[in-house]
1. Can you find, within region 160-185, the residue that is farthest from the ligand (Cβ to nearest atom) among those that are in a helix (DSSP H, G or I) and touching a helix residue (DSSP H, G or I) at 6+ places or on another chain (Cβ under 6 Å)?
2. Say whether the condition of being more than 15 Å from the ligand (Cβ to nearest atom), in a loop (DSSP other than H, G, I, E, B) and buried (at least 16 other Cβ atoms within 10 Å of the Cβ) is met by at least one residue in region 118-131.
3. Residues in region 196-235 that are under 13 Å from residue 173 (Cα atoms) and part of a loop (DSSP other than H, G, I, E, B): how many?
4. Which number in (1) more than 9 Å from the ligand (Cβ to nearest atom); (2) within 23 Å of residue 76 (Cα to Cα) marks the one condition that residue 105 misses?
5. Could you say whether any residue in region 14-31 is at pLDDT below 95, closer than 23 Å to residue 110 by Cβ, part of a loop (DSSP other than H, G, I, E, B) and touching a strand residue (DSSP E or B) at 6+ places or on another chain (Cβ under 7 Å)?
6. Those residues that are closer than 27 Å to residue 207 by Cβ and more than 11 Å from the ligand (Cβ to nearest atom), I need them from region 144-156; list them, please.
7. Would you call residue 229 in contact with a helix residue (DSSP H, G or I) (Cβ under 8 Å, 6 or more places away or on another chain), buried (at least 16 other Cβ atoms within 10 Å of the Cβ) and free of Cβ contacts under 8 Å to residues at least 60 places away in the same chain?
8. Can you confirm whether residue 147 is assigned to a loop (DSSP other than H, G, I, E, B) and over 20 Å from the mean Cα position of the chain (by Cα)?
Ligand SMILES: C[S@@+](CC[C@H](N)C(=O)[O-])C[C@H]1O[C@@H](n2cnc3c(N)ncnc32)[C@H](O)[C@@H]1O
């Protein structure tokens, strides 16, 4: 008898944005996994849920490389998958924690794919989470979409190449993962004529939260925190 794998979205930072369902599941599972960068062992997702875990619940970090190199990713995720499979094979229920929502630019997606391949009959249950950009929009008081408006969400690192193309058909654009190429992203925003229509939100709901819509101030930031995104509103930032 295999255990169940729960993919749990823990929201973007504020522990009050954890869903009741996530809390209920966390109290039931026998083992918790959280992703961590291979460079450090720190998991924001784990910090968010820590107070809800039973004191003796084992917690393991799954290291994954922050890279686009498909061989390194494949290798890391095969190893991570085996650790989860081992516990599921003991018949224990497992939770994998992920920031925001588990099916939105999340490490859970790699795990889901791998586990489905390795254990085709396993039960997988996914608990959605409040996404970073929904929380960020609330934090900045910016409507993400209304009426006929089109909303597009793009990953900043590579997606910024397509900003002009995307902005041509979208009323509102969310740029995620802005930390890597921040100066380039700002350049593209300026080129697209949107510099007075963008708002930067960093560490929403966490210590060091920043909401900054002044482009000149943003230009002074070299490399923002990993947990940062930009909302662009073509019709302007006024509600
Ligand atoms: C790997 S993605 C995770 C997305 C997440 N699954 C979601 O549903 O929002 C990481 C990116 O999410 C965004 N992010 C996550 N938490 C955030 C926060 N508290 N404040 C601002 N941006 C955040 C940042 O753009 C960050 O680089």
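The values are calculated or read from the model by the stated rules, or taken from the named source; none is laboratory data. This one's a predicted model, so the numbers in the text were calculated from it and none came from an experiment. Positions of Cβ are generated from backbone atoms using ideal geometry, with glycine treated the same way; all protein chains shown enter the neighbour counts.
1. 163
2. yes
3. Final tally of qualifying residues: 3.
4. (1)
5. No: region 14-31 contains no residue that is at pLDDT below 95, closer than 23 Å to residue 110 by Cβ, part of a loop (DSSP other than H, G, I, E, B) and touching a strand residue (DSSP E or B) at 6+ places or on another chain (Cβ under 7 Å).
6. 144
7. no
8. So residue 147 passes the test.
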